[in-house]
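Since every read-out is calculated from the coordinates, none of them should be taken as a lab result. Just so it is clear, the structure is predicted and the values come from calculations on it, not from any experiment. Note: ideal-geometry Cβ built from the backbone for every residue, glycine included; neighbour counts use all protein chains shown.
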């Protein structure tokens, strides 16, 4: 009895057909996924490099930044550090990715510093702060993050690393204090982590990156 | 030809996914904070709808009633995943904007609804026409609602449209109200509900007026006959 003349109400026909459809769906997904995986990997890489290059100018390093990525722990927080090296294999800068607790969830941010631990730039990669209020931490919406440029732990004292409302040096936004407070706090924390633990550790292991 | 006329009248107005059937409200409210996002999700849904209807119509004699729903869900889920992968690979900037919402197309009951109630009972060309009409109707509502919320909420129209459609469409990006301070609530979810309620009310009003006019015409016509 061929499939075409088979009684369509039997369990065998229905089960078999469901199996064939599921197998066909899996096959198509496998095919499309393998065809697009290279392009997707390339796009992800470009995204990551574009983000890193905003905080660590490409002129500063010669190495493959992504290959130097390592995760460190400081004061209960995770910091992913990318190390920029020049042609002589000396450290010229760092890009540090970490997460601040904002008003509406995680604020994923990147801080770039040079070898003397002065800030090159700060960028927010992703966040879920209130549109129109807290989202001024995005560089595309406001120049607020530029206030961090060339600041360091020595240029501002401990209490100055805060928003103006808390007696510090950085502006808050009208109607939103929690978001800028979180970002300022996290930038400060990143600098402290680098100075107190990560830079000494990384310098010891710089040979790892050769 | 009148069959297609009726299919498009259904999709765009009479039986519109949002206005007539009140389906797909979840993605509608989520993405329409601006017109570009609405257009993007509308086009992605349109694509999935046409192909889901096409394949469901081809399989209508093979697939029996008992397993039709699981087969159709599998079909839609596969199409959405393929769309997601292709967008991520080749229209990456758009994917960054819409990425979160594309998997939501699977849960868009409007697609399963059309596949079940139309495509599984009709032949190939009308099924595709129905997918196109329903998808267009959904796109128009998404874009229109996005435009209203964007103009009133942030004073712009089609911001970032060049990310979606390519640099040739930069002329679409307009600042409607210069130096606008923004009207935040319209961009936030409550604004979505408010705008939707006004659109639905307007649609009901127009339909009621049209109906009254039609009735008037028949009564006057009747008098003349008598």
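For the residues A:60, A:133, A:35, a GNM of chain A with alpha-carbon springs under 10 Å puts the largest fluctuation on A:35. Global size of segment B:35-158: 15.5, 52 Å for Rg and Dmax (C-alpha atoms, Rg to one decimal, Dmax whole). Diffusion coefficient of segment A:74-159 by Stokes-Einstein, Kirkwood radius over Cα pairs, 10 °C, 1.306 mPa s: 112 µm²/s.
Distance between the 7 Å Cα→Cβ label points at residue A:80 and residue A:12: 5.4 nm.
Counting only other chain Cβ atoms within 10 Å of each residue's Cβ, the peptide B:82-92 averages 5. Summarising the label geometry, the points placed 7 Å from Cα in the beta-carbon direction at residue A:42 and residue B:199 lie 3.7 nm from one another.
For chain B, what is the calculated [θ] at 222 nm in deg cm²/dmol (nearest 500), taking -39500 (n - 2.57) for each run of four or more DSSP H residues and dividing by its residue count?
Numbers: 10 runs with 158 residues, N = 226.
It comes out at -23000 deg cm²/dmol, rounded to the nearest 500.
Taking every residue in A:165-172 and counting other chain Cβ atoms within 10 Å of its Cβ, the average works out to 0. Between the alpha-carbon centres of segment B:121-141 and segment A:8-77 there is a gap of 32 Å. If you look at the Cα atoms of segment A:1-55, you get an Rg and a Dmax of 21.7, 69 Å.
P(r) for chain A, from all Cα pairs and a bin width of 10 Å, is 8, 28, 26, 14, 8, 7, 6, 3, 0 %, short bins first. Using the Cβ-Cβ distance between residue A:29 and residue B:26 with R0 set to 35 Å, the FRET efficiency works out to roughly 0.90.
Taking a point 7 Å from the Cα of residue A:90 along the Cα-to-Cβ direction, the residues of segment A:116-152 with backbone N closer than 15 Å to it are A:116-117. By definition, a body whose alpha carbon gyration tensor gives a ≥ b ≥ c is oblate when a/c is 1.5 or more and a/b is not larger than b/c, and the protein assembly as shown fits this oblate description. Rounded to the nearest 0.05, the FRET efficiency derived from the C-beta distance between residue A:49 and residue B:170 at R0 = 25 Å is 0.45.
Label positions at residue B:217 and residue A:20, each projected 7 Å from the Cα along the C-beta direction, are separated by 5.0 nm. Segment B:60-118 and segment A:81-119 have their alpha-carbon centroids 40 Å apart.
How would chain B be classified by its alpha-carbon gyration tensor: rounded, prolate or oblate, with rounded meaning a/c under 1.5 and the a/b versus b/c comparison settling the rest?
Details: a/c = 2.14, a/b = 1.08, b/c = 1.98.
Verdict is oblate for chain B.
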